[in-house]
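Novice: I'd like to ask you about the structure that follows.
Nothing in this text is a laboratory measurement; each read-out follows from the coordinates by a stated rule. In this text the structure is predicted, and so the values were computed from the model without any measurement. Cβ atoms come from the backbone with ideal geometry, glycine included; neighbour counts cover every protein chain shown.
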Amino acid sequence: MLRIIPPEVIRPLSVKLPLSKSMANRLMVIRFLAGGGSDGEFPDCDDTRIMHTLIRQLITLSDSDEFNAGDAGTVFRFMAAVMAVTPGTRLLTGSSRMLQRPAGPLVDALVKLGASIDYTGNHGFPPLKISGGRLNGGSVTIDSSVSSQFISALMLIAPVMKHGLELKLQGETVSLPYIHLTARLMEENGIRVETELPRIRIYPGKYRLGTATVEADWSAAAFWYTLVALMPDSAVTLRGLRQDSAQGDRAVAVLSEKTGVNSIWTGNELIIRHLPGGSSEISIGFTRTPDLFPAMVAACAGKGYGAEFYGLSTLHIKESDRIEAMIDGLSRLGYHAYAPARDRMVLLPGREKKEPAVISSFADHRIAMAFAMLSVKAGPLIIDCPEVVSKSYPAFWDHLKDAGFVLESC
């Protein structure tokens, strides 16, 4: 466990953000399918290490029968698609939490396209026994309201299908920017993609590796926006981001205007500054950017706002049930929030002061980082499982110390 003692003021700080695991994992699949292996400049975090390990396992141990994606949902879904087009029979599994996360829409689509996949546990969930080979492709309809990762997984393998792929998206498409990110990276690496939602058409072809590089992670930047929102007179410089990024979570710059943060670009650096004021009653939708939810909730709670958050249906099947996890942590700190419906959460204004609390991260990196930043308003607190930040941001605690936080193992 880790005790977090927040500073009274934030030191002048320039943060080199971690590289984007969303971009890295997509580029690793593209490199593999292009015959270029899995090498490249990738972030040093759990998800990309797992992805790299499994692709190397696929290359060097072709007769290996078990592949373990751990807690990495993106990795599991992308590897399921990759294995479906790679000759051989293999078992794809994951952690106990992964075995609770749905795989049905992706499996159904792959089977309709000619893949041979069997469930070895509960129907609709991992583990999967996958017998891979070349798929004919064609047209398939998929429920796009569960996870955009299903769509991205199918898109990435579509060029190696004999007839390419036409995807027809059904339902309200969640995390749409991630689908656009996949299309952009595919196009930058030689593939023709037509996106006219609810239809996506990908033509058969060979990936030709371009010059696309992995940029810094806007999802990680969100937690620094939370800190600046809660600390008067604070400013933090963020390095490695791109203003024209295809990452959907760049929307945090606009959303954080509601919590009193101004974004100023100076060359390739982004300076975020605290501004007085903001909206005391706000409503924010997260259908397009669900990963911003924990950081934005923490910012609103620390500001004392009343807020309504909607478009949360996918948050139940993340590394934790993030709605439940945020409500639990907020209540331990004296804030009041509740979920009136499966896809909504309401935060009540104000706070009942409580003694320092142990916050359960629910083994979820974004929950741990959100509550760490909220400590500047809620006071010293303890994170039960601090190592979970290695999933996406291994240097997070070091960067907090640079900002003036005191961290004590307990």
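Novice: Helix 293-303 sits at what angle to the longest principal axis of the chain, using alpha carbons and giving 0 to 90 degrees rounded to 10?
Specialist: 10 degrees
Novice: Could you tell me which of rounded, prolate or oblate describes segment 316-410, using a ≥ b ≥ c as the square roots of the eigenvalues of the alpha-carbon gyration tensor, with rounded for a/c under 1.5 and, failing that, prolate when a/b is larger than b/c and oblate otherwise? Don't skip to the end; give the middle numbers.
Specialist: Details: a/c = 2.21, a/b = 1.30, b/c = 1.70.
Since a/c reaches 1.5 but b/c is at least a/b, the shape of segment 316-410 is classed as oblate.
Novice: On to the next question. Quick one: grab the alpha carbon gyration tensor of segment 166-244, order the square roots of its eigenvalues as a ≥ b ≥ c, and give me rounded if a/c is under 1.5, else prolate or oblate depending on whether a/b is larger than b/c. Provide the component values of the computation, followed by the final result.
Specialist: Values: a/c = 5.07, a/b = 1.84, b/c = 2.76.
The shape class here is oblate.
Novice: As a check on your grasp of the helix formula, calculate [θ] at 222 nm for the chain: sum -39500 (n - 2.57) over DSSP H runs of n ≥ 4, divide by the residue count, round to the nearest 500. The partial results should precede the final answer.
Specialist: Working: 12 runs with 132 residues, N = 410.
Rounded to the nearest 500, it is -9500 deg cm²/dmol.
Novice: Let me ask another. Quick check: the distance between the Cα centres of segment 313-343 and segment 195-221, to the nearest angstrom?
Specialist: Between the Cα centres of segment 313-343 and segment 195-221 lies a distance of 31 Å.
Novice: Between the helical axis of 21-33 and the dominant principal axis of the chain, each derived from Cα atoms, what acute angle in degrees is found, rounded to the nearest 10?
Specialist: 10 degrees
Novice: Based on the Cβ-Cβ distance of LYS168 and ALA235, what FRET efficiency does E = 1/(1 + (r/R0)^6) give at R0 = 51 Å, to the nearest 0.05?
Specialist: Numbers: r = 47 Å, r/R0 = 0.92.
My answer for the efficiency is 0.60.
Novice: Considering only DSSP beta bridges with both partners in segment 108-262, what is the antiparallel share in %, to the nearest 5? Could you put the intermediate results ahead of the total?
Specialist: Working: 12 of 18 bridges.
Given both bridge residues lie in segment 108-262, the antiparallel proportion sits at roughly 65 percent.
Novice: Hey, in the GNM for the chain with a 10 angstrom Cα cutoff, which one of ILE367, ILE264, ILE30 fluctuates hardest?
Specialist: Answer for the Gaussian network model of the chain: ILE264.
Novice: Let me ask another. Would you list which aspartates and glutamates come within 16 Å of LYS112, measuring only between C-alpha atoms, while excluding same-chain residues fewer than 8 positions from it?
Specialist: ASP143, GLU166
Novice: Same structure, new question: Of PHE309, ILE179, TYR203, which is farthest along the charge dipole of the chain in the positive direction, counting Lys and Arg as +1 and Asp and Glu as -1 at C-beta?
Specialist: TYR203
Novice: By its C-alpha gyration tensor, with a ≥ b ≥ c as the square roots of the eigenvalues, how is segment 21-202 shaped: rounded for a/c under 1.5, else prolate for a/b larger than b/c, else oblate? Intermediate values should be presented prior to the final figure.
Specialist: Working: a/c = 1.32, a/b = 1.14, b/c = 1.15.
The shape class here is rounded.
Novice: Give the relative contact order (percent, whole number) for the chain; include only Cα pairs under 8 Å separated by 6+ residues. Walk me through the numbers before you get to the answer.
Specialist: Numbers: 920 pairs, mean separation 77.0, N = 410.
Once normalised by length, the contact order is 19 percent.
Novice: Separate question: How long are the semi-axes of the equivalent ellipsoid of the chain, defined as square roots of 5 times the Cα gyration tensor eigenvalues? Whole Å, largest first. Working shown, then result.
Specialist: On the way: eigenvalues 276, 93, 81 Å².
Equivalent ellipsoid of the chain: 37, 22, 20 Å, largest first.
Novice: I want the antiparallel fraction of DSSP beta bridges within segment 256-339, as a percent rounded to 5.
Specialist: Details: 6 of 11 bridges.
Counting only bridges with both partners in segment 256-339, antiparallel ones make up about 55 percent.
Novice: Could you run the Karplus curve 6.51 cos²θ - 1.76 cosθ + 1.60 with θ = phi - 60° over segment 398-410 and give me ³J(HN,Hα) per residue in whole Hz, x for Gly and Pro?
Specialist: 4, 5, 5, 4, 4, 7, x, 5, 9, 10, 10, 5, 8
Novice: Please find the FRET efficiency linking TYR203 to THR141, where r is the Cβ-Cβ separation and R0 is fixed at 22 Å, and quote it to the nearest 0.05. Intermediate values should be presented prior to the final figure.
Specialist: Numbers: r = 19 Å, r/R0 = 0.86.
Computed FRET efficiency for TYR203 and THR141: 0.70.
Novice: Moving on to the next point. Show me, bin by bin at 5 Å from 0, the whole-percent P(r) of segment 124-191 based on Cα pairs.
Specialist: 4, 15, 23, 25, 22, 11, 1
Novice: Taking every DSSP beta bridge with both residues inside the chain, roughly what % is antiparallel (nearest 5)?
Specialist: Given both bridge residues lie in the chain, the antiparallel proportion sits at roughly 70 percent.
Novice: What FRET efficiency do you get for TYR119 and GLN57 if R0 is 22 Å and r is their Cβ-Cβ distance, rounded to the nearest 0.05?
Specialist: Numbers: r = 22 Å, r/R0 = 0.99.
The computed FRET efficiency comes out at 0.50.
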